[in-house]
1. Looking only at the stretch 54-74, decide whether some residue is open to solvent by less than 60 Å² (accessible area, probe 1.4 Å) and charged (D, E, K, R).
2. Among the residues in the stretch 131-153, are any out of contact with any Lys or Arg (no Cβ under 9 Å at 6 or more places or on another chain), among the small types (Gly, Ala, Ser) and within 16 Å of ligand 2 (Cβ to nearest atom)?
3. Is it the case that some residue within the stretch 106-120 is crowded, with 21+ Cβ neighbours inside 10 Å, within 14 Å of ligand 2 (Cβ to nearest atom), modelled with pLDDT of 95 or more and not small (Gly, Ala, Ser)?
4. Is it true that residue 46 is closer than 22 Å to residue 191 by Cβ, more than 20 Å from the chain's Cα centre (by Cα) and open to solvent by 40 Å² or more (accessible area, probe 1.4 Å)?
5. Kindly indicate which of 135, 127 is assigned to a loop (DSSP other than H, G, I, E, B), in the same structural domain as residue 69 (by TED's automatic domain parsing) and in contact (Cβ under 8 Å) with a residue 40 or more places away in the chain.
6. Mind counting the residues in the stretch 262-292 that are out of contact with any Ser or Thr (no Cβ under 8 Å at 6 or more places or on another chain) and outside any loop (DSSP other than H, G, I, E, B)?
7. Suppose we keep only residues that are part of a loop (DSSP other than H, G, I, E, B) and open to solvent by less than 80 Å² (accessible area, probe 1.4 Å) within the stretch 293-304. Which one would you say is farthest from residue 175 (Cα to Cα)?
8. Within the stretch 121-148, track down each residue that is more than 19 Å from residue 83 (Cα to Cα) and within 14 Å of ligand 1 (Cβ to nearest atom).
Amino acid sequence: MADRSALITGVTGQDGSYLAELLVGLGYRVTGIVRRLSSPNLTNISSVLSDVQLVDGDLMDQSSISQAVKVSQPDEVYNLAAQSFVATSFAQPVLTGEITGLGTLRLLEAVRANAPTARVYQASSSEMFGHVLTEPQDEQTPFHPRSPYGVAKVYSYWASVNYREAYSMYVANGILFNHESPRRGLEFVTRKITDGVAQIVAGKTKTLRLGNLDARRDWGYAPDYADLMHRTLAAPTPDDYVGATGESHSVREFVEVAFHLAGIDDWEKHVIIDPQYNRPSEVFNLRGNANKAKRTLGWEAKTRFADLVRIMVEADLQRYGIASR
Ligand code: NAP
Ligand code: F7E
């Protein structure tokens, strides 16, 4: 593998950083696209900064994306960049469509023109299933997205399939269910809970404000899913795969386990239900069937729910200087 090269969009995000670490460890030459911010945000990739070549680019800007593909000459391209927060997609639907939807098309065009034999991974999402009528969801389950984010991801999914069919390019979709880690953004519910719990233990606040505690998700651990992305592009022919644990848990269960691990059993005293966190249209329940990925790629989610919550609670307690309970 030593002579292989990979280009990652979204390298500074949760998944991009774990994937960069994995590929650097496998001997890849890794290039990451970073967008201009007023303060650089390279914390997640601090461990591989000297091994990853960073190039400026933005999925809103065709020429910068084309230039990044041209200079990196990748064997593998992982499109992980997105406006990825569902709640923000309701407030900024056009921006989300531009980045999370059309951004994929810009990248596919850049690859078609400058590295047509490169293998492309598209970060598709269980949010595409949205309003589900059957459980568990797999590669055959119809899409019914419930947010501008989900709609943009459906666009990107089909753009990826279309480039595969129209131009015989190697383009594969990973339809991944929620995956979390200590690098998860603080606005997502799992990290909001584990950070909130740690703040309560540290005496910085007494309360945690949340929305719909009944929503259920299939939550896995992000490093397991970075491994699935790599396996997806290692398959001889391009295809689409669900990545999931096969278990679903409610937000309420996540809250209970997280507070309990931090030594607090009366979590109800700390949690305030705040309707501002409800969404105009909610995805109530997601649970995936990853049998195809297991059968074809030999992949399985290794980290289960209780271990995931423990990993995240311990990391946030440690951040506030508190020893694990
Ligand atoms: P994330 O932490 O929010 O990372 C998103 C990345 O995209 C960041 O590096 C961000 O850069 C970059 N980005 C945003 N707008 C950009 C733009 N206009 N141009 C270039 N880069 C831009 O997301 P994640 O959790 O790692 O998820 C990775 C991908 O998988 C996303 O496409 C997400 O939609 C998808 N996905 C995630 C999950 C999940 O549960 N995590 C499940 C299914 C699919 P900055 O650092 O500059 O903000
Ligand atoms: O919400 C409920 C909320 O924002 C999960 C992204 O990575 O996974 C993620 O999307 C659930 C929802 O993630 C709060 O209503 C309750 O039902 O953590 P989340 P998400 O919307 O599932 C998919 C697969 C992606 O592709 C996305 O990029 O939790 N919830 N109370 C709350 N959610 C938040 N954020 N904050 C609350 O206070």
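The values are calculated or read from the model by the stated rules, or taken from the named source; none is laboratory data. The model shown is predicted, which means the values in this text are computed figures rather than measured ones. Counting neighbours? That spans all protein chains shown, and the Cβs are built from the backbone with ideal geometry, glycine included. The accessibility values were calculated without ligands, DNA or RNA, using every heavy atom of the protein model including side chains. Shrake-Rupley method; radii C 1.70, N 1.55, O 1.52, S 1.80 Å.
1. yes
2. yes
3. No, because not a single residue in the stretch 106-120 is crowded, with 21+ Cβ neighbours inside 10 Å, within 14 Å of ligand 2 (Cβ to nearest atom), modelled with pLDDT of 95 or more and not small (Gly, Ala, Ser).
4. no
5. After applying the criteria, what remains is 135.
6. Result for the stretch 262-292: 9.
7. Across the stretch 293-304, the extreme among qualifying residues is 303.
8. Across the stretch 121-148, the qualifying residues are 137, 143.
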